[in-house]
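Inspection log for the structure reproduced underneath, given as structure tokens.
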Amino acid sequence: MDRNLSTLWAYLYRHRRQYLIGIVAVTLSNAAALLPFYFIRLIIDGLGARVQGGSLTAITLSQIGWYSLGIVLAALVSGALMLIMRRQIIVASREIEYEVRRDLFSHLQTLDKAYFDRSRTGDLMNRLTGDLGSVRELLGFGSWQIVNIAASFTASLAVMFALSWQLTLVVLGMLPIIVGALYVLARMINARHTSVQEQNSVIAAKAQENFSGARVVKGYALEERELADYRAMNLELLRRNIALTKVDGPLRSFATMLLGLAFGLVLLVGGRQILQGGDFTVGMFVQFVGTLDRLAWPMLMAGWITSVTQRGLASWRRLVELFDARPEVARVPAEAVRPVPVAGTVDFRNVTLRYGDTEVLHDINLHIPAGTFLGITGPTGSGKTSLAHLLTRLVDPSEGRVELDGRDLRAIPTRQLRDVIGVVPQEPFLFSDTLANNITFGLEREDLPAIPTEVSVLDVPAPPLIPQKPDEDQVRRAAELAGLAGDVEHFPQGYATLLGERGVTLSGGQRQRTAIARAIAREPRVLILDDSLSAVDTETERRIIEGLREVSRGRTVILIAHRISTLRHADTIAVLEEGRLVEQGSHEELLALGGHYAELERLQSLSSDVEREEDGDPVAAPAPTLAGGTP
Amino acid sequence: MTRPEQLKPETQDLDFQLVRRILRYVQPYLWLALGAIVLTLVHSLIQPQFALIQKHAIDAYLVPFERDRSLDAEALYQGLLTVALGYMGLRLLDFAVQYASTVAIGYLGQNVLRDIRADVFGKLQKLQLSYFDRNPVGRLITRVTSDVDAINQFITGGLVSLINSVFLIITYVWIMLRVDWRLSLISFTVLPLMYWATNFFRGKMREAFRRTRLEQAVVNTQLNENISGAMTVQLFGREARSALDFDHANRSLLAAHINSVQWFSLFMPAVALLGQLAVALVVYFAARFLLQDEAAGVVAGVTVGTIFAFVQLTQQLFQPIQDLADVFNNLQAAMASSERIFEVLDEEEQITDRPGAATLGQLQGRVDLENVWFAYDPEVTADTPDDDPRWILRGVDLHIQPGESVALVGATGAGKTSVTALISRFYDVQRGAVKVDGHDVRDLKQHDLRRHVGVVLQDVFLFAGTIASNLSLGNPAVTQAQIEEACRYVGVHDYVMSLPQGYQTEVRERGAGLSTGQKQLLAFARALLQNPDIILVLDEATANVDTETELRIQAALQRVMQGRTSIIIAHRLSTIEGCDRIVVMRRGRIVEQGSHRELLAQGGYYSRLQQLQYSGQRRPV
């Protein structure tokens, strides 16, 4: 058994009890479902025999009553068993779905930045929804049907054989033809269904392109051509859909027809047997036909089951790929080293960072004493953000080492490292949660129970519901420092305001300030602001920086920015270009140096002159960068 | 801003106004629809016959022999043979009828789908740009995909199924009554129970399904956020909280699924049980009647064949009854979708051709903006006060001579792009007029106007297709030779030829794989092939292109401008310098105009702006 299957087996094995009960139930249910026609046979034969035997009753009314009750009871038993099956197998498949999702989620949490950069969110989501669904379908509906087909064929054929082996041979002769025909049809349906889906995607893509390119379509007066294209695509869809309908639509009636033809033959052969005056009675004939009828559904399903299985296994392989992914940055477990107080001195020693063949940082040496304020600037792509990534160990250096208080980061427990560093990323990611929960993001992990993986959901009680209880003072303090408090006053629900799709949409500046509040609330020893004030106007920016200087006394602050007005407050400013550290010093020193920094300063003061011409518009225009861009 | 649509109810009451409007789409296929209905009718007449034939076979040939062995078996078998062959023949006929009706309904539904799609898509082509500014692309796509599908479902799954079910119920009831009215009435007693049970369980299952969908949405949102925000979670050490929250959501989803399974698991056995209950009743009473008749010595009205036939007829009657319970839900579900679609179709077209709008022959290329006031906000009218902040253009007067090249310069938001959008008549002005060769653009046919006014966007929008088809834009009059000539002219021919399939290279999504510079050169080639009399170049973004490509673009731009009225939103100094006139805009007004030299000499806004950009560009990197 290959590894893919054995991993799937592990999940199944934990639910073996449910599957066993389910399989037994399906088998018995199929047997019980055949009983009503047995009772009908008894009644019919009883009625027939009565007349045949003369005037005495071979069957009494009370017997008929009991047989009728038998019909209902048999249906009741069969139905109850089917209910048990569903509540065992189908529920088990849902539980396995839950377990796989839980385990994948916790596995994804261990993967690093490199992995998430490589994979697209849409693809991961597809696997976690579509592929997981296909696997579940195989484990639930699929496995039920496999058992069901086997059980119903066995039970029906056994009964039929007992009734008349000649008739059973007739049916057995036809079965391969019927199942074969349905199998071929199922394959055709699958293929044509795929081709319909493909055309649907083409049409959706066309619509997407047309609507997003409305300006071009109108600008070049392409409306008629676009409509003609769209019509042609829809005509092709119609063609494919009709092709699908031709094999898919009448599938059921096709199966009914095949069974009907089988019935015709059975009528002939069975009729011949009755007319020969043997033991075969009309009642037995009726029971035989009724039993044959029960095979219609399993026969239909037999055609489908291969594709359900193939799809499920292929999807499982894609899920195993996720399970097999490993992070490149090895986390240091918390137990490895005893935590020590951190002062906040940061050192980059001969750090070189490469992504594949591209060198992003080259031999960087940078000493940031604890409690100082470092500004970093440089053109887009010069490696500023990579410095921040190195410091939080989102990546590890290709050469050299990054140190915190003289200790290599790779020797510090990852948890502790990230606890003492607060980051405000370039494009802050906020969660669809309340503002308060976003600000106190990740501040309460100690008390939370871990979610165990690779166990059956039946063996683990649900974790307690522990709502996040953000400390209101903490939230307010952080929001005030980040210059967010004023905005929040205008929200009807204040800090309980829900963000995201179902709540309010924050402006770019508000998002940045929320992210700043989130970082400040951690009271980190080292605070990194990666171009975090770009969407904030200069006045607010000044206030935030002042607030920051206030709280960050004794903390190390690393600020990546383009604006001189932001940078000038720093104790030291480092200028990066193409991955190299080209200038370093205080604002005044660098101005005196007359290099890149001085040039940037000149451009920006010119730019602000121009902006002032714009009648003191409070919203600052984007500042020119060292890349030589224009406003 | 964007109202989440899932908050709207999924179903609503049948609105006959809407139904009538949907049915109008069926009208062109009336014969097809009638044919489908006739076929359905034929099928519903055939279907109950099978049980009757079986009854006949049992009553006429098998039971008599069983009762009286002295009968001529061979003669009975001959009769049976005829019946069996007839039965098989009828089965084949029934399949043919069903096949034909399925395909007919398929054609009907697909054609209606196609027509509605074409209507919605065509309508969207006519709607003004501001409609697209207002509606996110995703929402528009939903209109032409799932909403249209819902209408298709309305017709094929709703109406057709309704007709089919009603026919079947009528014929079954009629035939059953004719065979034996007493047994029929007994079997019908279960019907209301069946209808009620189906409705009850379907309702429960729909509710359960709705709950699973809601829970699934929560799980998906959390998954999505934890994947997109994976690094944030890790940096803030929030793994435990995320895992805990996710486990709660995941467990809720599991609970919802299990709840749903529980209703499902009840539904099927309950329906089967009711079916068997009806069978048991029918069998019991049939046998009882038979015994009574025989005891009374009358010719039995109920026969063994009747019992067998009724067992089948009763079970078959349940199917349409169950279907009927679904039909109304299908119909209701389509209402919300069709309302949204008709909303699009009823959207007012704000920019339309005036009746008797003039067609343009050759243009000289004069462009006049006469005291133009313009705002994107639809609530702004000619009467809105001058100091309203929503005005984008505030009394712009600009007169451009045929063949003149004009550079529009100014900060972001000064109104440069709006000026070009008005010349193409993407929007209409609130006050004043935009004129081309002295004609107000509102008096010209839009198509005509835009065929003479070419637009070159920085981000050339490439359509799915080959490079050649993107350049000719599907115009069959453009030859391959012309395409190559245009590409040589702007200097992109060699690049295209270096691609493995040359001009037949497929362009990937939005031109991925092509560099910015190459895309821009292709945009110029595209504009040249269109051969417009007036050309608008929106050279807005500051793209990172290497010096060589930069020079090529400059050269190509000069060539494109030659002999045409050109209006350019330029950021490259060399482009601006090459223009006949520079118009400096600020806050929706023209503040300075003149040649480069004149404006520099003035030492005004332009000179400072220019100094800033110039030094930015000349800085060695």
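The values are calculated or read from the model by the stated rules, or taken from the named source; none is laboratory data. If you're wondering where the values come from, they're calculated on a predicted model, not measured in any experiment. Neighbour counts run over all protein chains shown; Cβ positions are idealised from the backbone, glycine included. We work out accessible area using only protein heavy atoms, side chains counted, and drop any ligands, DNA or RNA first. Shrake-Rupley method; radii C 1.70, N 1.55, O 1.52, S 1.80 Å.
Here are some notes:
- Per residue, the protein assembly as shown exposes an accessible area of 42 Å² to a 1.4 Å probe, with every protein chain left in place.
- Per-residue mean of C-beta atoms belonging to partner chains within 10 Å, peptide A:83-94: 4
- For chain B, the membrane-span-like helix rule (DSSP H, alpha carbon extent of at least 15 Å along the helix axis, mean Kyte-Doolittle at least 1.6) picks out B:30-46, B:161-179; this says nothing about an actual membrane.
- The protein assembly as shown - share of DSSP beta bridges that are antiparallel (%, nearest 5): 50 percent
- Other protein chain Cβ atoms within 10 Å, averaged over every residue that makes up B:280-286: 6
- For GluC sites (Glu not before Pro), the sites in segment B:323-407 that DSSP calls loop and that have at most 10 other Cβ atoms within 10 Å are B:348, B:379.
- The lysines within cross-link reach of residue B:126, meaning a Cα-to-Cα straight distance under 20 Å and a gap of 8 or more places when in the same chain, are A:206, A:218, B:445.
- Entry note, chain A: the mean residue ellipticity at 222 nm calculated from DSSP H runs of n ≥ 4, each adding -39500 (n - 2.57), is -19000 deg cm²/dmol after division by the residues and rounding to the nearest 500.
- For residue B:475, the shell of other residues with beta-carbons less than 12 Å away shows a net charge of +2, using +1 for Lys and Arg and -1 for Asp and Glu.
- For segment B:181-301, the Rg and Dmax computed from alpha carbons only, in angstrom: 26.9, 94
- Shape of segment A:346-613, Cα gyration tensor, a/c cut at 1.5: oblate
- Helix axis angle, A:3-13 relative to chain A longest principal axis, alpha carbon, degrees: 70 degrees
- Sorted from longest to shortest, the spans of the Cα atoms of segment B:435-487 along the three principal axes equal 37, 24, 17 Å.
- In chain B, the DSSP-assigned H stretches of four residues or longer account for a calculated mean residue ellipticity at 222 nm of -20000 deg cm²/dmol, using -39500 (n - 2.57) per stretch and the full residue count as denominator.
- Scattering from segment B:367-618 was approximated by placing one identical point on each alpha carbon and applying the Debye formula without solvent; log10 I(q)/I(0) at 0.09, 0.10 1/Å stands at -0.42, -0.52.
- For chain A, the longest principal axis of the Cα atoms and the long axis of helix A:538-551 meet at an angle of about 90 degrees.
- Restricting the calculation to Cα atoms, every distinct pair contributes to the Kirkwood radius of the protein assembly as shown, found to be 36.7 Å.
- Here chain A exposes an accessible surface that is 56 percent carbon and sulfur, computed with a 1.4 Å probe and the other protein chains kept in place.
- Close amide H partners of residue B:465, meaning residues 5 or more places away or on another chain with modelled amide H under 5 Å apart, are B:507.
- Summing both sides, the accessible surface hidden between B and A at a 1.4 Å probe radius is close to 14200 Å².
- With the convex hull drawn over the C-alpha atoms of segment A:439-584, the volume per residue is 183 Å³.
- FRET efficiency, 1/(1 + (r/R0)^6) with R0 30 Å, evaluated for residue B:390 and residue B:600 via beta carbons: 0.30
- P(r) of segment B:33-140 over all Cα-Cα pairs, binned every 5 Å from zero, in whole percent: 2, 10, 13, 11, 8, 8, 7, 7, 7, 5, 5, 4, 3, 3, 3, 2, 1, 0, 0
- Additional length obtainable on full extension of the chain from residue B:377 to residue B:17, 0.36 nm per residue less Cα span: 126.3 nm
- Cut-off of 10 Å, at most 14 other beta carbons, DSSP loop: longest stretch of chain A lacking such GluC sites (Glu not before Pro): A:1-327
- Whole-Å semi-axes of the ellipsoid equivalent to segment A:1-163 (Cα gyration tensor, √5λ, descending): 52, 13, 12
- Surface share of carbon and sulfur [accessible, 1.4 angstrom probe, percent] for segment B:140-188: 70 percent
- Cβ-Cβ FRET estimate between residue B:30 and residue A:66, R0 fixed at 45 Å, reported to 0.05: 0.20
- Here the convex hull built on the C-alpha positions of segment B:64-212 has a volume of 186 cubic angstrom per residue.
- Chain B: proportion of alpha-carbon pairs further apart than 45 angstrom, %: 48 percent
- DSSP-loop trypsin sites (Lys or Arg not before Pro) across segment B:422-509, with at most 13 other Cβ within 10 angstrom: B:508
- Overall, the protein assembly as shown carries a charge dipole of about 3260 debye about its Cα centre when +1 sits on the Cβ of Lys and Arg and -1 on the Cβ of Asp and Glu, all other atoms neutral.
- Taking 20 Å as the straight-line reach from the Cα of residue A:246, the aspartates and glutamates in range (excluding those fewer than 8 positions away in the same chain) are A:198, A:236, B:94, B:149.
- Divide the volume of the convex hull around the Cα atoms of segment A:165-279 by the residue count and you get 84 Å³ per residue.
- Longest segment of chain A lacking trypsin sites (Lys or Arg not before Pro) that sit in a DSSP loop with at most 13 other Cβ atoms within 10 Å: A:121-501
- In segment A:248-270, burial by the other protein chains removes 40 Å² or more of accessible area from A:250, A:253, A:257, A:261, A:263, A:267, A:268, compared with the chain on its own (1.4 Å probe, ligands and nucleic acids ignored).
- The alpha-carbon of residue A:113 sits under 17 angstrom from the alpha-carbons of these lysines, leaving out residues fewer than 8 places away in its chain: A:384.
- Calculated SAXS-style log₁₀ I(q)/I(0) at q = 0.05, 0.06, 0.08 Å⁻¹ - chain A, Debye, Cα scatterers: -0.43, -0.57, -0.83
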